[in-house]
Amino acid sequence: MATNIPPHNLREAIDAVVAYIDDPQIDTAGLMKHLKGPDFPTGGIIVGRQGLKDAYETGRGRIILRAKAHIEPLRQGKEAIVVTEMPYQVPKGDGRGDGSGLIRKIAEVVQDGKVKEISNIYDESSEKGGVRVVIELKRDAIPKVVLNKLYKHTPLQTTFGANMVALVDGVPRTLPLTGIIDAYVRHQRQVVVRRTKFELRRAEERAHILEGLLIAMGDIDRVIAIIRNAPGPEEARTDLMGEFELSQRQAQAILDLRLARLTQLEAGKVRQEHADLVERIAELREILGDEQRVLDLIKEELGEIRDRYGDDRRTEITASEDEIDIEDLIADQQMVIAITKSGYIKTLPLATYRQQRRGGVGVTGMELKDDDYIEHLFVSSTHDYLLFFTNRGKVYRQKVYELPEMGRTARGRALVNLLPLREGEFVRAVLATRDFKEGKYLVFATRKGQIKKTEFLAYNTPIKADGIIAINIRDDDELVAVRRTSGDDDIIMVSHSGQAARFHESEARSMGRDTAGVKGMNVSRGDNYVLAMDVARDDTELLVVTDNGYGKRTLISDYPVKGRGSMGVKTISLTEKKGGLVGALIVQERDELVFISREGMVQRTSVSGISRYGRASQGVKLMNIRDDDVVSAVALVMEDSESAAPEVADELPVAGDDDVTPIPGEGDSAARGDIDADDAADAAHGEGAEPRGTGPADDDE
């Protein structure tokens, strides 16, 4: 078992022990009036007292340690941060080591762009002067802001995890401060009692010998005569024992007595020694018979140690405050967040989109590859969280201010450089939130038809660097979609076979985070699987697209609400000519779509240019593709280019919107009109034709 007990100041520790001896009922708060907190040999600063309180009350606590630093002016109007004391167990380093030194870490965060205000670092430490690391700042830098960034991103601030495990009566236990001091006092009492008993036994043994010597000195002539007349030492000892009623040890001590000890001076010393021993024996017996005398002796001895070895506290403890939060240094401003299909992300202040007045010519947006497009675009505060859900059922969390802020035309940074995604893992959904109260639940859907509902607040928990489990996913399954719900919404799931299942979310009971969910849609037949899941509202439409480029949109109100776990009802009639279903989206009139083929062809289309048909119809041609090509994906697209005039920034969705509403764009007029006569005939009067509102009502499983 591991233990990690921080060092403390000797004077304070002894004062706390004495206070406990005086009042065994004293609580942790009372002890902390004497024992302020750990005292590290390297000095530094302990930030906040909550960690100390946790450690002293429970035996476990996170103690935040900072280096001690101050600001010094330099030439040419510059300033520098000077570090003079290091956090405990943090090596200063020289910038050339294995990366574990403080100087090396500071250099790394400067290179990574996390702290851009530093121009140079000097190590002016010396054997006499101690630690002195000079961090030179750029002319326009704010030292306090830079210092707090360094506390956030480097070992200039660390955490000491107190884990006060000790063996108590041979058993390992995690002890609070009162438990530690109680165990120490009991140990000291045992030490004093054993020591006193040992000293008493030795004193009594010596007094016994001295009593025999005093008897012999009282009649020395007789003693000498007995010894002189005895044939040997054994007989002499026996005769002395019989003559003076001595013990064997007393008689032997008389025989061992040198003649010089028989003088009057030596006799006086023996008498004085005996008197002193008698007094000491009485004192020792009194100590053993009085518990308070034992405790007083412990206090007295501890006081002597404190006066002889105690020194002043080295580690400063600042007034209580929360853990350092970089948000205090970041302006709470609205940011436009753009994420592309290929996995690039960037942020840009919303003011960038509003710099031009209405009627302007627009601003140039991200430089994207031909087969890439912006899949997510929304407005969120710098203080909001972004939750990234991956196909493997994990969720990663980032603050918006932690995301790369780049220029309008920059492509952004790859998500794989921001999130610890494993091989084959990619982001399926992104949600923005301020306080996890924008929706009551999160609903998850998997490729195999599982659905899970969990309270949104369940994800308001510290997330490890490598993410946490959002939903349990089997190896042969993967996450398809994540949506926020109110607790009273309908859910619609669409399968590859062209079926759509709509049910009320109450059909799926709320579960914990680390669960797999329940059956949402039956896709067990053949190679069927779930393509999409979304919140079904009657004022929206369902768009479906086949791999041969056919599709249509249908009012959500046309889909009946049934029970969970069904195969659903037909959402499109699939034929060999139309191909299989490859995409399904909840759309509105103002939305823009992008179609991508397997060979990399990209076509943009406005939803308003796509015909509306009943559930069981076959749809019409939406994208012209070559005979050896098929549609691979369809998605809502967000406009971030010259076609999106600056004024439409006002229409960007903000964090907490249940749906990400795209920026209106011009779309692709050719694609909107790309419906030939044969397709129109098929849709309106041919195979699978279905007039509005007159489709089959019971074509489910």
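Here are a few things to note about the model shown:
- Taking the conditions (1) part of a strand (DSSP E or B); (2) touching a residue at least 40 places away in the same chain (Cβ under 8 Å); (3) within 28 Å of LEU403 (Cβ to Cβ) in turn, ILE121 satisfies each one other than (2).
Condition check ((1) in contact (Cβ under 8 Å) with a residue 12 or more places away in the chain; (2) not charged (D, E, K, R)) across all residues:
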{"position": "LEU213", "(1), (2)": "yes, yes"}
{"position": "GLY218", "(1), (2)": "no, yes"}
{"position": "ILE227", "(1), (2)": "yes, yes"}
{"position": "PRO231", "(1), (2)": "no, yes"}
{"position": "ARG237", "(1), (2)": "yes, no"}
{"position": "LEU240", "(1), (2)": "yes, yes"}
{"position": "SER247", "(1), (2)": "yes, yes"}
{"position": "ALA253", "(1), (2)": "yes, yes"}
{"position": "ASP256", "(1), (2)": "no, no"}
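Residue-wise test of (1) at pLDDT below 90; (2) out of contact with any Gly (no Cβ under 7 Å at 6 or more places or on another chain).
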site	(1), (2)
ARG413	yes, yes
LYS448	no, yes
ILE451	no, no
ASN460	yes, yes
ASP490	no, yes
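- Pairs where the first residue, in the stretch 293-310, is over 17 Å from ARG189 (Cβ atoms) and the second is among the acidic types (Asp, Glu), C-beta under 9 Å, 6+ apart: ARG306/ASP15; GLY310/GLU12
- Scanning the stretch 535-549 for residues that are assigned to a strand (DSSP E or B), surrounded by fewer than 24 Cβ atoms within 10 Å (Cβ to Cβ) and not hydrophobic (A, V, I, L, M, F, W, C) yields a single hit, GLU541.
- Selection from the stretch 209-231 of residues that are surrounded by fewer than 16 Cβ atoms within 10 Å (Cβ to Cβ) and either touching a Lys or Arg at 6+ places or on another chain (Cβ under 7 Å) or of a type outside the set (Lys, Arg) (or both): LEU214, GLY218, ASP219, ILE220, ASP221, ILE224, ALA225, ASN229, PRO231
- Residue list for the stretch 16-54, restricted to those being small (Gly, Ala, Ser) and in contact with a helix residue (DSSP H, G or I) (Cβ under 8 Å, 6 or more places away or on another chain): ALA16, ALA19, GLY30, GLY37
To keep it simple, each residue is scored yes or no on (1) charged (D, E, K, R); (2) assigned to a loop (DSSP other than H, G, I, E, B).
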| position | (1), (2) |
| --- | --- |
| ARG411 | yes, yes |
| PRO420 | no, yes |
| LYS437 | yes, yes |
| VAL443 | no, no |
| ILE451 | no, no |
| LYS464 | yes, yes |
| ILE473 | no, yes |
| ILE491 | no, no |
| ALA500 | no, no |
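- Tally, over the stretch 541-584, of residues that are under 17 Å from ASN522 (Cα atoms) and hydroxyl-bearing (Ser, Thr, Tyr): 3
The values are calculated or read from the model by the stated rules, or taken from the named source; none is laboratory data. This one's a predicted model, so the numbers in the text were calculated from it and none came from an experiment. Neighbour counts are summed over all protein chains in view; Cβ atoms, including those assigned to glycine, are modelled from backbone coordinates with ideal geometry.
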